[in-house]
Amino acid sequence: MKLKDCYSIEDIRKLAIKRIPFVASEYLECGTGSEHLLIRNRQELDKILFTPQFCKGSFIPSTSVELFGESYSVPFGIAPIGLSGLVWPKSEISLAKTAKSLNFPYTLSTVATETPEAVNNACNNLNNGWFQLYPPKDLTIRDSLLNRAKNAGFKVLVVTADVPMPSERERSKRAGAQVPLKFNLKFIFNVLLKPIWLLSTMLRGVPRLRTVHKYTNNNSLKFVSGFVGNRLGGSLDWVYCKELIKAWNGPTIIKGILSEKDLEKAIEVGFDGVYVSNHGGRQFDGGKSSIESLKLISKANKGRVKLIFDSGVRSGLDIMRALHCGADFVMLGRPFMYGVAANFKEGPKKVYEILRNGLINNMTQIGVKNIQDLIK
């Protein structure tokens with residue numbers, strides 16, 4: 001199968017899996033625990049149904065939206081993915097360039113494998129970037145990361161709240177996905193089967209957490225990994241959040257909110273947006289699906305702050321479902337990573353087109369002409 005023959009995200013996923021080693025595919029696709037939440041995310045989205053409406057005349061639905069003072073071509077964007085260079089080297093560059101050219105947001109993770117500066121330079125000044133922060137315990141490092149992101153053109157800060165400690169992600173560990181990578185016989189055998197990935201990785205170098213590397217004063221990948229585990233995340237409380245909002249001085253979102261109680265606290269301390277997410281099922285296997293939480297949070301929110309949504313979204317129909325349930329904007333991680341792995345230059349654009357075309361088609365089926373009319 002070639003990219004031109006892909007008509008769904010699942011088609012692109014199949015193509016991507018053929019091009020990347022087992023360790024990368026397991027890292028990308030895994031959940032945690034027994035991975036029941038991965039299934040619940042999918043099942044609960046599929047339960048949201050619509051009644052088609054006809055005889056509305058000829059029209060093409062508009063997908064454009066405004067969010068935090070910016071106009072975007074679509075109501076969806078690219079969610080942050082850590083260690084994304086393991087899936088495909090320089091994936092952050094490809095995704096950011098695609099997002100800029102098509103006018104929708106790209107979110108760079110603190111623990112991605114390219115720096116904010118590198119992404120900005122490759123894009124010849126990024127103008128639609130969001131930066132995802134794992135809150136550092138060291139406030140000097142926090143302020144440095146914020147300044148670097150802002151100076152590199154990132155406009156929106158996404159503060160991750162749902163990693164009080166790293167999850168187990170057993171399937172990923174069994175495959176050997178860790179920093180540093182274990183170069184055992186199994187790993188070497190698997191990567192030799194993927195020559196294009198191997199060559200691309202050799203040209204870029206072993207995946208490194210390049211943004212945080214400068215704060216470690218140590219070139220050891222093992223040391224950097226330990227630094228991330230011990231110094232990032234797990235430090236967040238509402239006082240820290242309030243200080244962080246002031247330090248960033250721009251649109252700020254808290255990511256990982258799943259309850260009405262936490263929604264109220266987020267509004268109280270001054271967040272501009274609440275990002276409803278269960279980390280794609282990768283953090284806590286005993287939770288509700290994200291879409292179930294979105295319904296409750298949207299009802300409690302009553303339009304006070306913007307609601308962002310992710311976890312389990314795989315199609316334009318899923319985007320429409322989330323918008324109907326109260327999301328103002330939808331983010332997707334794995335689908336865009338499948339795209340860049342399937343074809344570094346054209347894959348992310350193909351994912352965008354499949355999602356946008358699917359959204360337009362499904363909006364037409366139910367007689368909805370713009371995004372605002374989808375929201376409950």
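Things to note:
Yes or no, residue by residue, for (1) open to solvent by 40 Å² or more (accessible area, probe 1.4 Å); (2) within 20 Å of S172 (Cβ to Cβ); (3) among the small types (G, A, S); (4) without any contact (Cβ under 8 Å) to a residue 12 or more places away in the chain:
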site	(1), (2), (3), (4)
I257	no, no, no, no
K261	yes, no, no, yes
K265	yes, no, no, no
V269	no, no, no, no
D272	yes, no, no, no
G280	no, yes, yes, no
D285	no, yes, no, no
E292	yes, no, no, no
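- The one condition in (1) in a loop (DSSP other than H, G, I, E, B); (2) within 16 Å of R334 (Cα to Cα); (3) open to solvent by 70 Å² or more (accessible area, probe 1.4 Å) that K14 fails to fulfil: (1)
- Complete set of residues in region 294-325 that are out of contact with any Gly (no Cβ under 8 Å at 6 or more places or on another chain) and open to solvent by 10 Å² or more (accessible area, probe 1.4 Å): L296, A300, K302, G303, R304, R314, R321, H324
- Unique match (being at pLDDT 95 or above and surrounded by fewer than 24 Cβ atoms within 10 Å (Cβ to Cβ)) among I375, I360: I360
- Qualifying positions in region 180-205 - modelled with pLDDT of 90 or more, assigned to a helix (DSSP H, G or I) and either open to solvent by 70 Å² or more (accessible area, probe 1.4 Å) or among the hydrophobic types (A, V, I, L, M, F, W, C) (or both): L192, P195, I196, W197, L198, L199, M202, L203, R204
- When the residues of region 241-254 are filtered to those that are open to solvent by 10 Å² or more (accessible area, probe 1.4 Å) and not small (G, A, S), the one that is nearest to the chain's Cα centre (by Cα) is P251.
- Criterion (within 19 Å of S25 (Cβ to Cβ) and of a type outside the set (A, V, I, L, M, F, W, C)) met by exactly one of T98, T160, T113: T113
- Whichever residue in region 331-374 is of a type in the set (K, R) and in contact with a Phe, Trp or Tyr (Cβ under 9 Å, 6 or more places away or on another chain) and, among such residues, is farthest from Y72 (Cα to Cα): K369
- Among all residues of region 87-95, there is none that is open to solvent by 30 Å² or more (accessible area, probe 1.4 Å) and free of Cβ contacts under 8 Å to residues at least 60 places away in the same chain.
- The residue that is nearest to V212 (Cα to Cα), counting only those in region 115-148 that are under 17 Å from the mean Cα position of the chain (by Cα) and open to solvent by 10 Å² or more (accessible area, probe 1.4 Å), is T115.
- Within region 18-53, the set of residues being surrounded by 18 or more Cβ atoms within 10 Å (Cβ to Cβ) and among the aliphatic types (A, V, I, L, M) comprises I20, V23, A24, L28, L37, L38, L45.
- Yes/no for L38 being closer than 20 Å to Q132 by Cβ, part of a helix (DSSP H, G or I) and touching a residue at least 60 places away in the same chain (Cβ under 8 Å): no
- Of all residues in region 157-176 being in contact with a strand residue (DSSP E or B) (Cβ under 6 Å, 6 or more places away or on another chain) and in a loop (DSSP other than H, G, I, E, B), the one that is modelled with the lowest pLDDT: D162
The values are calculated or read from the model by the stated rules, or taken from the named source; none is laboratory data. Remember, predicted model here, so these are calculated numbers, not experimental data. All Cβ positions, even for glycine, are placed from backbone atoms using ideal geometry, and neighbour counts span all protein chains on display. The area values use the complete protein model at the heavy-atom level, side chains included, leaving out ligands, DNA and RNA. Shrake-Rupley method; radii C 1.70, N 1.55, O 1.52, S 1.80 Å.
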